[in-house]
Amino acid sequence: MGSYRWFPTLHNRNSGVQELQSLVNDLESLLEGGRDLTADQLPAFKSKLRHLVDESRETSDHLIQRSRRAIQASGEYVGDHPWQTAAILAAAAGLLAAACALSRNNS
């Protein structure tokens, strides 16, 4: 059995997006607060900004790693279960065709 059994929980799937949103919010508040900086406050501002940039890099690296694992798991599942994958794709195509036909009839 491959590693395709790895299914992230809902919390794990949303945590990366929440981390990015939090970083954006922090950057926005830092920029708002940095409008009226004095020369003495500039080093602290730059330090906070550097910290947020480093956090954003770590978060993006983490999300890239998670995405690669998910893609690899998907590929392994498709390789191990080609007929199930074909059936799922056929069902999805059928549903899409039905939705298109219904929307055309309702127009």
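The values are calculated or read from the model by the stated rules, or taken from the named source; none is laboratory data. Keep in mind the model is a prediction, meaning the values are calculated, not measured. Note that we place each Cβ from the backbone using ideal geometry, even for glycine, and neighbour counts take in every protein chain shown. Accessible surface is based on the protein model in full, side chains and every heavy atom, while ligands, DNA and RNA are left aside. Shrake-Rupley method; radii C 1.70, N 1.55, O 1.52, S 1.80 Å.
Of the residues making up the stretch 24-32, not a single one is in a helix (DSSP H, G or I), among the acidic types (Asp, Glu), modelled with pLDDT of 85 or more and surrounded by 11 or more Cβ atoms within 10 Å (Cβ to Cβ). Filtering the stretch 58-85 to residues that are surrounded by 14 or more Cβ atoms within 10 Å (Cβ to Cβ), in contact with a Phe, Trp or Tyr (Cβ under 8 Å, 6 or more places away or on another chain) and among the polar types (S, T, N, Q) leaves only Thr85. Residue pairs whose Cβ atoms lie under 6 Å apart, separated by 6 or more positions or on different chains, with the first residue in the stretch 25-45 and without any contact (Cβ under 8 Å) to a residue 60 or more places away in the chain and the second open to solvent by 80 Å² or more (accessible area, probe 1.4 Å), are Leu30/Lys48. Contact map, the stretch 50-61: residues that are under 14 Å from Asn25 (Cα atoms) and free of Cβ contacts under 8 Å to residues at least 40 places away in the same chain paired with residues that are assigned to a helix (DSSP H, G or I) and open to solvent by less than 60 Å² (accessible area, probe 1.4 Å), Cβ distance under 7 Å, separation 6+ or inter-chain. Pairs shown: Leu52/Leu23; Leu52/Leu27; Leu52/Leu30; Glu55/Leu23; Ser56/Leu23.
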